[in-house]
2 protein chains.
Amino acid sequence: MKLIVQKFGGTSVANAERIRNVARIITDTYRKGANVVAVVSAQGDTTDDLIAKAHEIDENPSKREMDMLLSTGEQISIALLAMAISKMGYPVISLTGRQAGFFTDSNHSRARIKRVDTERLEKELDQRKIVVVAGFQGMNRYDDITTLGRGGSDTSAVALAAELKADLCQIYTDVDGVYTADPRIVPSAQKLEEISFDEMLELASCGAQVLHNRSVEMAKKYNVNLEVLSSLEDKPGTKIKEVTRMEKLLIKGVAKDDDVVRISLIGLADHPGVAFKIFSLLAARKINVDIILQSVGRDGTKDISFTVPIDSYKAAVEVLTEERDQINNCTIDVDTDVTKISIVGSGMQSNPGVASRMFEALSEADINIEMISTSEIKISVLIRKKLGDKALNVVSEAFVK
Amino acid sequence: MKLIVQKFGGTSVANAERIRNVARIITDTYRKGANVVAVVSAQGDTTDDLIAKAHEIDENPSKREMDMLLSTGEQISIALLAMAISKMGYPVISLTGRQAGFFTDSNHSRARIKRVDTERLEKELDQRKIVVVAGFQGMNRYDDITTLGRGGSDTSAVALAAELKADLCQIYTDVDGVYTADPRIVPSAQKLEEISFDEMLELASCGAQVLHNRSVEMAKKYNVNLEVLSSLEDKPGTKIKEVTRMEKLLIKGVAKDDDVVRISLIGLADHPGVAFKIFSLLAARKINVDIILQSVGRDGTKDISFTVPIDSYKAAVEVLTEERDQINNCTIDVDTDVTKISIVGSGMQSNPGVASRMFEALSEADINIEMISTSEIKISVLIRKKLGDKALNVVSEAFVK
């Protein structure tokens, strides 16, 4: 018998009507003969409401107690969804993260899954029950409730699909698939039928917010077939798998990432070990560095520029300022008025014309490229922030016909 | 070291300000050198809100899923209260019913506690932590969440106090103790310093809603010292214990119970076994019968009248109608326009003047007595419903000076 894991986000279960809609999707799948495990998030604004309640008491509450509080959100969702499925006449049972066997480490508010003990869950499936599981949550070795942090429910679904060796893991969201570019900005963007894990990972890290990287990484590791589709429209979504069949669409996506700041260190000593010193200082503070560019400066010095996520640039400047004597007392220049445009596609490496076609499109639109970074399946450029949407459109049109 | 269990109801934790107030009561007790276990209910209207959400989906939802849903209410309360205590600088941890070791049977929505495994809880107390426990909930042998039904949080608190051999179990409510009569109806009512378990049980079953009988029964069984007091005013409440010291106040309370219906069976055959037949039929349907009165009728028949709770009189009439041929095809008369007035006090039996003083007070107020029932520590009379408040006042004044 086929086994399908279906994950529904907070907007998909926001009210009674939406819950009934989700129940219909699940029971349709069940009626066609598959076993179904549904993983759900907290309803719409529940999490925000609970956070507000906590902040009324303490602006900086204990993370263990926050997890105790927030985990009620998914528990409410699973009970209501199970009621809706039962009302439609199907056998169903809801399970909390703990009951579904999610064992995590003790990093409250951003716990990692250590293992999933699916004995109970499989027993329920053996009885041909639909099983509704609370996403985002688990239990640590001290028998305390933990939550998985950002992208948690997607990760719960993929972990269950991996453990149960499910035939498919469907991620239902409020968009109907993965697009070549954000369709709200680029009207000509096209929905992808398929995309590879690696391409999806690059797209997500370039700011395409459909799936959290954490869940895609796990799907890649355990080779879980993913599909992203809409809970509101009944049509095929985008399949994410190890290898995609089609080669004809070279570029899988164009993405814009505004969450980026450029830092330039000007007037560094031009001798070995300088770059190592800088990036080991940043790594020690767990600051992720993306694009790096080094150029020769004047008078035997050199300049190094790099980009960091917007929420860590202050920490980066702080550590570099503190340790300035180690890096030749260089000038530290910060530019927050930048955005990153990336194209992603696995056929890129063997097609040398791709980069030049991207640069040509930008040049024709009079958009200046400030930094460039390339990988096997990605080309990113840094440009002025206000030109971001325009760049997204011209690059998209250059590749997606 | 002293150990005190403190229970706080839904109104006591209804909002952030009330939660901080409860945190102050707990930390005051802790600071004076006692170990404290706090048992809390769901916030104010949370349970009603959750029930409304469920009913939007199914008017008659699965009880197992209802328990899954409703148990989130107390879980929210314990997390918020633990945050408030922590914010005040005290070591604290919250535990769900399951984590606190409440094992119950599988009667979802009205489970009975089978045992309390306090190993985890005692480990936390050993570290001098304040432990905040979710009342009303537990776990059955299948690892499913259960709830204890009416009076559940009080029962949780008493069960913990019994298992931990606590020195005192304080039940904080929105009234400041047990009164000789409902002070909202009888202005002259007095607060009792002490009352025995048996007296409290009779008072509660007569409609005094301070404590649910279930928790008092358990306190009596395990000899747990109880105290009922207000979370809003800092003054002594009422102590409930095995034997009370004082004898001077003979009558401990006067109570009114509107939740009662009189059923009369007129024209029954006057031979042995008739009463047995009637009450075994009712017992089989789990219908509680309170006052019973039998009188001789005309023509060799007899009449039997009895009272039942208002929510089971329809079931009573139904079973008696179905089985009318077994009870001489008697006439079934139902009277819902009645109320029960009771006086409770353990010194009653050895003071023959008590009943007559009660009847005299009612007679002087021109209130007709329709049925009478007496026990060792209680006298109840049935009167017209509209005379209830007047009767409560005159009887109260006759005894409480």
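The values are calculated or read from the model by the stated rules, or taken from the named source; none is laboratory data. Only a predicted model underlies this, so the values are computations on that prediction, with no experimental measurement involved. Counting neighbours? That spans all protein chains shown, and the Cβs are built from the backbone with ideal geometry, glycine included. The accessibility values were calculated without ligands, DNA or RNA, using every heavy atom of the protein model including side chains. Shrake-Rupley method; radii C 1.70, N 1.55, O 1.52, S 1.80 Å.
Here are a few things to note about the model shown:
- Note on B:ASN15/B:GLU323: beta-carbon distance plugged into 1/(1 + (r/R0)^6) with R0 of 41 Å gives a FRET efficiency of 0.20.
- Per atom type, chain A shows carbon and sulfur on 46% of its accessible surface, probed at 1.4 Å.
- DSSP-defined antiparallel bridges as percent of all bridges, region A:67-187, nearest 5: 55
- Under the shape rule built on the C-alpha gyration tensor, where the axes satisfy a ≥ b ≥ c, region A:1-138 is oblate, since a/c reaches at least 1.5 while a/b does not exceed b/c.
- Summed buried accessible surface, chains B and A, 1.4 Å probe, nearest 100 Å²: 3300
- Counting DSSP beta bridges with both ends in the protein assembly as shown, the antiparallel % (nearest 5): 60
- Accessible surface for B:VAL175 stands near 60 Å², nearest 10, in the context of the full protein assembly shown (1.4 Å probe).
- Here region B:162-224 is treated with +1 on each Lys and Arg Cβ and -1 on each Asp and Glu Cβ, and its dipole about the Cα centre works out to around 140 debye.
- Bridging of B:LYS302 to lysines at a Cα separation below 17 Å is possible for B:LYS277, once same-chain residues fewer than 8 apart are set aside.
- In chain A, a dipole from Cβ-located charges (positive for Lys and Arg, negative for Asp and Glu) runs towards its positive end, and of A:VAL260, A:PHE136, A:ASN35 it is A:ASN35 whose Cα lies farthest in that direction.
- Nearest-first distances (nm) between copies at A:MET1, label 7 Å from Cα via Cβ: 5.2
- Positive minus negative residues near B:VAL334 (Lys, Arg vs Asp, Glu; Cβ under 12 Å): -2
- Counting Cβ atoms of other protein chains within 10 Å of each residue's Cβ and taking the mean over peptide A:137-143 gives 1.
- Taking a straight line from the alpha carbon of B:LYS286, these aspartates and glutamates sit under 18 Å away, with near neighbours fewer than eight places off in the same chain left out: B:ASP259, B:ASP311, B:GLU318, B:GLU322, B:GLU323.
- Distance (nanometres) between label positions extended 7 Å along Cα→Cβ at A:LYS277 and A:GLU193: 5.6
- 10 Å Cβ shell holding at most 12 others, DSSP loop, GluC sites (Glu not before Pro): longest site-free stretch of chain B: B:60-232
- Qualifying lysines (Cα of each under 20 Å from Cα of A:LYS241; at least 8 residues distant if same chain): A:LYS2, A:LYS7, A:LYS165, A:LYS191, A:LYS220, A:LYS221, A:LYS252, A:LYS378
- Gap separating the Cα centres of region A:35-61 and region A:362-401, nearest whole Å: 38
- Degrees separating the helix B:353-364 axis from the principal Cα axis of chain B, which is the longest one: 70
- Taking the longest Cα principal axis of chain A as reference, the axis of helix A:16-31 is set at about 80 degrees.
- Shortest-first nm distances, A:LYS386 label point to equivalent points in other copies (7 Å, Cα→Cβ): 8.2
- Overall size of region A:274-401 from C-alpha positions, given as principal axis extents largest first: 52, 33, 31 Å.
- Dipole of region A:139-285, positive end: most advanced residue of A:LEU211, A:ILE251, A:ALA166 [Cβ charges, Cα centre]: A:ILE251
- Total charge dipole magnitude, region A:106-232, about the Cα centre, Cβ charges on Lys, Arg, Asp, Glu only, Debye to nearest 20: 440
- Taking every lysine pair in region A:57-163 that is 8 or more places apart or spans two chains, those with Cα atoms closer than 29 Å amount to 5.
- In region A:4-46, the trypsin sites (Lys or Arg not before Pro) that fall in loop regions by DSSP, at most 12 other Cβ within 10 Å: A:LYS32
- Mean residue ellipticity, 222 nm, helices only, chain A: the sum of -39500 (n - 2.57) across DSSP H runs of n ≥ 4, divided by residue count and rounded to 500, is -10500 deg cm²/dmol.
- This model, with +1 at the C-beta of Lys and Arg and -1 at the C-beta of Asp and Glu, gives chain B a dipole about its Cα centre of some 1240 debye.
- Solvent-accessible area per residue in chain B equals 44 Å², computed with a 1.4 angstrom probe and all protein chains kept.
- Dipole orientation for chain B: of the candidates B:ALA275, B:MET66, B:LEU229, B:LEU229 has the Cα lying most toward the positive pole (charges on Cβ; Lys, Arg +1; Asp, Glu -1).
- The residue in chain A that lies nearest, by its beta carbon, to the axis linking chain A with chain B is given here with the distance in whole angstrom as A:THR72, 2.
- Nearest-0.05 FRET efficiency for B:SER356 and B:GLN294, computed from C-beta distance (R0 35 Å): 0.95
- Residues in region B:46-78 occluded by at least 30 Å² - accessible area, probe radius 1.4 Å, against chain by itself: B:LYS53, B:GLU56, B:ILE57, B:ASP58, B:ARG64, B:GLU65, B:MET68, B:LEU69, B:THR72, B:GLN75, B:ILE76
- For region A:73-118: rounded, prolate or oblate by the Cα gyration tensor [a/c cutoff 1.5]: oblate
- Copies compared at A:GLY273 - label distances in nm, ascending, label defined 7 Å from Cα in the Cβ direction: 10.9
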